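The values are calculated or read from the model by the stated rules, or taken from the named source; none is laboratory data. As the structure is a prediction and not an experimental result, all values here were calculated from the model. Reconstructed Cβ throughout: ideal geometry from the backbone, glycine too, with neighbour counts over all protein chains shown.
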Amino acid sequence: MKALDRKLFRDLWHLRGQVLAIAAVIMGGVATMVMSLSTYDSLVSTRDRFYSEYRLADVFASLKRAPEPVAERLAEIPGVERLETRVKAGVKLEVAGFSDPITGQILSLPDVGEAQLNRLYFKRGRTVQPWSTDEVVLSDTFADAHHLQPGDTLAAIIHGKRKTLTVVGVAVSPEYVYQIAPGAMFPDFKRYGVLWMGRNALATAYDMKGAFNQVSLTLARDANEQDVIDRVDAILADSGGTGAYGRKDQFSNRFLSEELKQLRTMATVFPAIFLGVAAFLLNVVLSRLIALQREQIAILKAFGYSYAAIGAHYVKMVLLMVLLGVAAGVALGTWFGQGLSHVYSETTFRFPYLDYRLQPGTVLIALAVSALAAVSGTLVSVMRAVRLPPAEGMRPEMPTRYRTSLVERLGLQRWLAAPSRMILRHIGRRPLKSLLTVLGIACACGLMMVGNYQKGAIDFMVDVQFRQASREDLALAFIDPTSGRALHELAALPGVDFVEGYRDVPAILRFGQYRHRAALFGIQPEGRLHRSLDSRLKPVAVPPGGVVLTDYLANDILHVKPGDMLTVEVLEGSRPVRQVPVLGITRQYLGVSAYMQKESVNALMREGNTVTGAYLAVEPGSEAELYARLHDRPRVLGMVANKTAVQSFYATIGEFILFYNLVATVLAGAIGFGVVYNSARIALSERGRELASLRVLGFTRGEIAYILLGELALLTLAAIPVGFLVGVGLVGILVVAFQSELYRLPLILTPENYAMGASVVIVSALLSGLLLWQRLGRLDLVAVLKTRE
Amino acid sequence: MMARMPEASPNAVFVARGLTKVYRMGEVEVQALRGIDLTLYRGELVVLLGPSGSGKSTLLNILGGLDAPSGGEVYYLDHKLTGASEIELTRFRREHVGFVFQFYNLIPSLTARENVAAVTEIAESPMRPEEALGLVGLGNRLDHFPAQLSGGEQQRVAIARAVAKNPAVLLCDEPTGALDSATGVVVLEVLEKVNRELGTLTVLITHNAGIADMADRVIRLSDGRIADIHENAVKKPACELAW
């Protein structure tokens, strides 16, 4: 080993505390990136493999009813590769020992042979026996939520008739990776389930013998999806088709795509913020560290080492630190990534397996960004040091020029003893360096705020959604469009305080080249339960004759503004196409909706007072009895109770948020401590001689600690408000980046967020102060008098 | 720290008996002091002379409470320095000792006046910083920062800082080591003046034999032992020194 390399390792060992702190900063940035990107890559790869191995269809269509021979006409459409018809039935379910309403869907499995499309992956048990009458396969989410095993039974109300079913298998389907009840905001595995039954048994129960109401197909390689969809719609128009749609509009896949898009954003924005801040800190810290090596650089030059050799020496030194940090970051990020992938697949997506993968590219990017930041910070300092003639570099540095600080020039100096003046002048002498230190600490504070921001934001979203907008206790859906008179019957049920009807129709909304498939919601214009909110979150009435759109739907999806005419293609009944003016924008954080007055939707559909469902306010305590009565009403299909929906939401995402907060806290904490500790250590190196001189002159350890730690404290305190600004800015970036159809995060920061941000800085400063206090006790008073700087 | 001094000469300030100092430099032991017996008196100007490695700095550091001997005892008046705690030694330096260093060790962020004030603020009965700076001939450079002063001026500020608290002893380690001879003479004149006017026991380390002529006593160290103690019958004024 060459002497210079030996020096390298000795220096690193000598600086080990700082090396570790710098590595911690890099680790924080890299781990975030590796965690997010590997999770994203894993989920995408898992999805693609699952879709192809279990043959998810390319096009789906639902209809009222068509005789089986229609399928042959569909199969003849050019571009169709494989086609399969099914029976699909909306049902109510009963599980022993669980009294809340459960809704579900039963899909048919062929009695002969295996399913051609949308195949099931069996986790337990087996598929249904051919021609069996009471065997079902359960989706794993539902089975797990109720601890149902093969051999257990449950009851289903299919088409008004109660039927006891025996579970024979538990399975996962590519069609239901993301399971959420139609109309619900969040997944609720306890109250919504997907089941599969033999075709014959289901058709018999659902009155679909020799017919089908669901078709799915795959496309030949060169087929045009839109052509096929148009032809399918044409054939199914007479059979009550509600419009064929491709994978991108398929319910589970659409949510999955949106979630993955979010994750992709997270995998870009979070690491960019973390790694960016880490890179900045690295640059600042290293350039100061190298500046301290001035004399050594001069000696190396005096020996005759070339600029390049000296530069390479220090580059090697920082690259070793970077390598250490990246290695730790990749290890930690992989570990977190596996955890996060599992949290995802436990709480949100159901995949039968998980292909965890870490792309080499991810590691390379992390390495490149960290190395670039580190090396550039290093080279600037090395260049500055190398430019000095060796003799000058070896001479004690001229005492640096100081001036009186602003506070003193204002005439306040008599309040300040010499140590306080030293603090102020030291900060004032290198304002840029002090500013960078403040910024560095502020970034750590900001990162902590970003890491902890989600919880408060979600609480706020839920509050707006369920206390301001959807204030009903229970939302229920009828099997078919129903006369408004049904509302009176509901209102008369015991326990029901108040009823509001709604009429929703599936529709495609078009404006220019933009389209969106959604439900058009007809609600009471000045509803007490279901309300639309303006930009200040105040309830506003929906005006007659036009449509009010969620801000995100209007601005980002359809690109319309109030006054524009929207084309509404209704996908129900006679499938009218109408021009409807946009009358307003409503603020909504969760999902996107199009609202009209109920009467306007009725007019659009050329129908009388018709509803498809109702919002109910329920007397507390009377829920169980009301559920039982509603359960017995054959026309009532789905029920979503808001309270349980919120609970299940928190249960679902609680684990996710907990995990994420923990990770963010650990990483932001590591970065925060790394910065504060390094700033403090460098300050000690820069001023060790001065402080030791004072010790010799009779100053106590406490008195010199005041000079050193006073400066740290002052900079830390200054950094906290700056950190709050940085935090708000970073959260702002996050809010903009995270906008999606599923949800928009509000720019809400709670006092806890600020407290967390401040505390990471304060705790790091206290800890660093403690470590420094110990070092001050070990100052070598004799040596410092003998050596120059 | 209170103790009886072994030899109760009324004018003794420091009494050292059998001082030894062994440094461990990794695997090697270095004998810096090998048994020093020494008494220093009030008002003296003592020059400690010796080549580098002779132990003079070690001796000075032990007298100044910066270092502890490996063996033997040191008394300052009626205080026993050997075995004193770090806190006691800090108080000893703070109250009784003034230091002047080869590289001045001024605080760069404080002006001349404030460098002196930094010490007088923590002393019991100091002179005013202006007075101390006047004593070293810098009454007109009170508000200059170290960066604005020449080397000789910086060293004079350091002397003012050392004497401003009215210490009983002034310990100077190669005070002219970093200065050219003309400037060095100016600094020595200041030390001479302080010693004369304030009667402060002044111990001055040098390896420059030419300086020895200004001392009351010259103590020559060699290889960790006192080789020779010599009293100057006639002190040469500093202004007549040259090297």
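Condition check ((1) without any contact (Cβ under 8 Å) to a residue 40 or more places away in the chain; (2) over 32 Å from the mean Cα position of the chain (by Cα)) across all residues:
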{"site": "A:Lys538", "(1), (2)": "yes, no"}
{"site": "A:Leu566", "(1), (2)": "no, no"}
{"site": "A:Glu569", "(1), (2)": "no, yes"}
{"site": "A:Glu572", "(1), (2)": "no, yes"}
- [ ] Just name the residue that is nearest to A:Leu195 (Cα to Cα) out of those in the range A:126-144 that are in a helix (DSSP H, G or I) and among the charged types (D, E, K, R).
- [x] A:Asp140
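Is it the case that some residue within the range A:654-669 is touching a Cys at 6+ places or on another chain (Cβ under 9 Å) and buried (at least 21 other Cβ atoms within 10 Å of the Cβ)?
Residues of the range A:654-669 touching a Cys at 6+ places or on another chain (Cβ under 9 Å): A:668.
Next, from what is left, pick out any that are buried (at least 21 other Cβ atoms within 10 Å of the Cβ): A:668.
Yes, some residue in the range A:654-669 is touching a Cys at 6+ places or on another chain (Cβ under 9 Å) and buried (at least 21 other Cβ atoms within 10 Å of the Cβ).
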- [ ] Give me a count of the residues in the range B:144-161 that are under 13 Å from B:Arg113 (Cα atoms), more than 8 Å from chain A (Cβ to nearest Cβ) and under 17 Å from the mean Cα position of the chain (by Cα).
- [x] 5
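This table checks each residue for (1) closer than 30 Å to A:Ile720 by Cβ; (2) touching a residue at least 60 places away in the same chain (Cβ under 8 Å).
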| site | (1), (2) |
| --- | --- |
| A:Leu416 | yes, no |
| A:Ser420 | yes, yes |
| A:Val450 | yes, yes |
| A:Ala457 | yes, yes |
| A:Asp497 | no, yes |
Task: Residue list for the range A:652-703, restricted to those being free of Cβ contacts under 8 Å to residues at least 40 places away in the same chain, in a helix (DSSP H, G or I) and within 14 Å of another protein chain (Cβ to nearest Cβ) - done: A:Ala683, A:Glu690, A:Leu694, A:Gly702
TODO: Test A:Ala594 against the stated conditions and say whether it is surrounded by 20 or more Cβ atoms within 10 Å (Cβ to Cβ), within 20 Å of A:Met461 (Cα to Cα) and in the same structural domain as A:Phe511 (by TED's automatic domain parsing).
DONE: yes
- [ ] Taking A:Phe255 as meeting all but one of (1) under 23 Å from the mean Cα position of the chain (by Cα); (2) aromatic (Phe, Trp, Tyr); (3) surrounded by 20 or more Cβ atoms within 10 Å (Cβ to Cβ), write down the number of the exception.
- [x] (3)
TODO: Return yes when A:Ala156 is at pLDDT below 95 and not in a strand (DSSP E or B) and no when it is not.
DONE: no
TODO: Being within 13 Å of chain A (Cβ to nearest Cβ) and either more than 13 Å from the chain's Cα centre (by Cα) or part of a loop (DSSP other than H, G, I, E, B) (or both) is the filter here, so list the residues in the range B:169-178 that pass it.
DONE: B:Glu174, B:Pro175, B:Gly177, B:Ala178
- [ ] Go through (1) within 14 Å of chain B (Cβ to nearest Cβ); (2) at pLDDT 85 or above one by one and return the number of the condition A:Leu324 breaks.
- [x] (1)
TODO: Report those strands (runs of 3 or more DSSP E) wholly inside the range A:55-123 carrying at least 2 residues which are out of contact with any His (no Cβ under 7 Å at 6 or more places or on another chain) and more than 19 Å from A:Ser239 (Cα to Cα).
DONE: A:80-86, A:88-95, A:98-109
Open item on the list: Out of the residues in the range B:66-82 meeting the condition of being under 17 Å from B:Gly18 (Cα atoms) and assigned to a loop (DSSP other than H, G, I, E, B), tell me which one is nearest to the chain's Cα centre (by Cα).
Closed with: B:Asp67
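Looking at the structure I just gave you, is A:Leu637 over 30 Å from A:Ala21 (Cβ atoms) and within 14 Å of chain B (Cβ to nearest Cβ)?
Values: over 30 Å from A:Ala21 (Cβ atoms): yes; within 14 Å of chain B (Cβ to nearest Cβ): no.
Against the criterion (over 30 Å from A:Ala21 (Cβ atoms) and within 14 Å of chain B (Cβ to nearest Cβ)), A:Leu637 does not qualify.
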Task: Close pairs from the range B:113-133: first free of Cβ contacts under 8 Å to residues at least 40 places away in the same chain and within 8 Å of chain A (Cβ to nearest Cβ), partner among the small types (Gly, Ala, Ser) and surrounded by fewer than 19 Cβ atoms within 10 Å (Cβ to Cβ), Cβ under 8 Å, at least 6 apart - done: B:Glu121/A:Ala417
TODO: Would you mind stating whether B:Arg141 is of a type in the set (Lys, Arg) and within 13 Å of chain A (Cβ to nearest Cβ)?
DONE: no
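Somewhere in the range A:353-362, is a residue touching a strand residue (DSSP E or B) at 6+ places or on another chain (Cβ under 9 Å) and in contact (Cβ under 8 Å) with a residue 40 or more places away in the chain?
Keep residues of the range A:353-362 that are touching a strand residue (DSSP E or B) at 6+ places or on another chain (Cβ under 9 Å), which gives A:353.
Cutting the leftovers down to in contact (Cβ under 8 Å) with a residue 40 or more places away in the chain gives us A:353.
So far as the range A:353-362 goes, yes, one or more of its residues are touching a strand residue (DSSP E or B) at 6+ places or on another chain (Cβ under 9 Å) and in contact (Cβ under 8 Å) with a residue 40 or more places away in the chain.
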